[in-house]
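The values are calculated or read from the model by the stated rules, or taken from the named source; none is laboratory data. Computed from a prediction, not measured in an experiment: that's the story for all the values here. Here the Cβ is made from the backbone with ideal geometry for all residues, glycine too, and neighbour counts use every protein chain on show.
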Amino acid sequence: MFRKIVIAEILLAVLLSLPTDLFAGEWIIETSPTDYHPSKLKVETGDKITWINKDMVVHEMNFNGNPSDSGEDNLYLFLPIRKTISTIVTRPGIYSYKCSWHGMFGVIEVRPAKE
């Protein structure tokens, strides 16, 4: 029993010493044939957003601007059937995105991370 307590205390000490940006939020957006769920999301810089395609059709996320550091002016993500894709948001702002194939749209508001 003593050994388990010592291991737990060591793990806790290690976790508390890690940089706080390792604990950024993780958000899931699921697709349906005509919508993103949720379609509106408020996140902070450093958060990870993952889209999950549970449909039998491909989708896209074509952004007006780029909330990430991918180097593109406008972020474009392609989401194959039954796959996931993720991005980490790093730039504050309000970004709308759409799937022009199916008329789906969403909005992500990226706020500066709290310190």
Which residues, counting only those in region 43-59, are among the acidic types (D, E) and in contact with a Ser or Thr (Cβ under 7 Å, 6 or more places away or on another chain)? D55
Hey, among S70, S86, which residue is out of contact with any Gly (no Cβ under 6 Å at 6 or more places or on another chain) and more than 14 Å from E30 (Cα to Cα)? S70
For region 52-109, give me each residue that is β-branched (V, I, T) and within 14 Å of the chain's Cα centre (by Cα). I52, T84, I85, T87, I88, V89, T90, V107, I108
Given (1) among the polar types (S, T, N, Q); (2) out of contact with any Gly (no Cβ under 7 Å at 6 or more places or on another chain); (3) modelled with pLDDT under 95, index of the condition T34 fails: (2)
Out of all the residues in region 62-71, is one or more among the acidic types (D, E) and in contact with a Lys or Arg (Cβ under 8 Å, 6 or more places away or on another chain)? yes
Could you list, ordered by first residue, the pairs with Cβ atoms under 9 Å in which the first is in region 15-35 and farther than 10 Å from D47 by Cα and surrounded by 14 or more Cβ atoms within 10 Å (Cβ to Cβ) and the second is among the polar types (S, T, N, Q) and at pLDDT 95 or above, at least 6 apart or interchain? I28/T50; I28/T84; I29/S39; I29/T50; E30/N53; T31/N53
In this structure, does F78 turn out to be in contact with a strand residue (DSSP E or B) (Cβ under 6 Å, 6 or more places away or on another chain) and without any contact (Cβ under 8 Å) to a residue 60 or more places away in the chain? yes
Kindly establish whether G65 is closer than 20 Å to T31 by Cα and surrounded by 14 or more Cβ atoms within 10 Å (Cβ to Cβ). no
Need the failing condition index for L41 against (1) closer than 22 Å to P112 by Cα; (2) modelled with pLDDT under 95, just the number. (2)
Which members of region 89-115 meet the condition of being out of contact with any strand residue (DSSP E or B) (no Cβ under 9 Å at 6 or more places or on another chain) and farther than 14 Å from T31 by Cβ? E115
